[in-house]
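Here's the structure, in structure tokens; my notes come after.
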Amino acid sequence: MGYRIDNAKCTAATDKAVQIEAEIFDAPMWIPQSQIDDDSEVYQKGDKGTLIISDWWAEKQGWSD
């Protein structure tokens, strides 16, 4: 299923992670590429839209219930 972050923007990317700006973050956040769902609209620099990450990663960050 995955955890959805709307209005996300990828501002930087490496082979292992993407840097994301979104309203829910106080500052840009690095998210491992391995935790991004295949259905995500955001996965490389310049992408904007809905970011979908694994529930496990969201729970680890304290973002989900």
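Derivation of every value follows stated rules applied to the coordinates shown; laboratory data play no part. Keep in mind the model is a prediction, meaning the values are calculated, not measured. All Cβ positions, glycine included, derive from the backbone under ideal geometry; neighbour counts span all protein chains shown.
Between ILE52, ILE31, which is among the β-branched types (Val, Ile, Thr) and touching a residue at least 40 places away in the same chain (Cβ under 8 Å)? I'd like the intermediate steps shown before the answer.
Values: ILE31 fails: touching a residue at least 40 places away in the same chain (Cβ under 8 Å).
So the residue among ILE52, ILE31 that is among the β-branched types (Val, Ile, Thr) and touching a residue at least 40 places away in the same chain (Cβ under 8 Å) is ILE52.
What number of residues within region 1-35 satisfy the criterion of being small (Gly, Ala, Ser) and in a loop (DSSP other than H, G, I, E, B)?
3
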